[in-house]
Amino acid sequence: MSIIDSITDLRNTIVNGDRKKAPILARQLLEEGMDAYSIVTEGCSKAMTRVGELYQEGEYFVPEILMSAKAFEAVAKLSFRAGFWANISPNLPCSCSLAAAETNSF
């Protein structure tokens, strides 16, 4: 299976709210050489965007959103342990948001 197929499978798994399968797929992506940051941005974030679209279309409701969020959380925990922050530059715009969040100065 290619990395593109694997990331697509991860996205679908998160959209479907499978919190047991999602970290297994994420671990496989790590073993295939994908970095943790890319797994979160290309897999999890895009999956949750799709969950939001399904909610707006009236196909998903709060329980489905929560199930998908739990699947995302399972991958995020694995990704953070695998070095999520390793590829993030302190000069990225998100660092301002992180600093604001840490000091509660939104």
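So here's what we get for this one:
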read-out	value
Some residue of the range 53-68 being within 9 Å of the chain's Cα centre (by Cα), in a helix (DSSP H, G or I) and surrounded by 16 or more Cβ atoms within 10 Å (Cβ to Cβ)	no
Matching residues in the range 23-66 - criterion: being within 15 Å of Arg81 (Cβ to Cβ) and not hydrophobic (A, V, I, L, M, F, W, C)	Pro23, Arg27, Glu31, Asp35, Tyr37
Cβ-Cβ under 8 Å pairs, at least 6 apart or on other chains, the range 71-92 side at positive phi and surrounded by 12 or more Cβ atoms within 10 Å (Cβ to Cβ), far side modelled with pLDDT of 85 or more and part of a helix (DSSP H, G or I)	Gly83/Ala36
Residues that are of a type in the set (Gly, Ala, Ser) and over 12 Å from Asn12 (Cα atoms), drawn from the range 46-56	Gly52
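Residues are listed down the side, and each one gets a yes or a no for (1) of a type in the set (Gly, Ala, Ser); (2) assigned to a helix (DSSP H, G or I); (3) modelled with pLDDT under 95:
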{"site": "Met1", "(1), (2), (3)": "no, no, yes"}
{"site": "Ile14", "(1), (2), (3)": "no, yes, no"}
{"site": "Arg19", "(1), (2), (3)": "no, no, no"}
{"site": "Gly33", "(1), (2), (3)": "yes, no, yes"}
{"site": "Tyr37", "(1), (2), (3)": "no, yes, yes"}
{"site": "Ala71", "(1), (2), (3)": "yes, yes, no"}
{"site": "Ala76", "(1), (2), (3)": "yes, yes, yes"}
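The values are calculated or read from the model by the stated rules, or taken from the named source; none is laboratory data. Just so you know, these numbers come straight off a predicted model, no measurement behind them. A quick note on method: Cβ atoms are made from the backbone with ideal geometry, for glycine too, and the neighbour counts reach across all protein chains shown.
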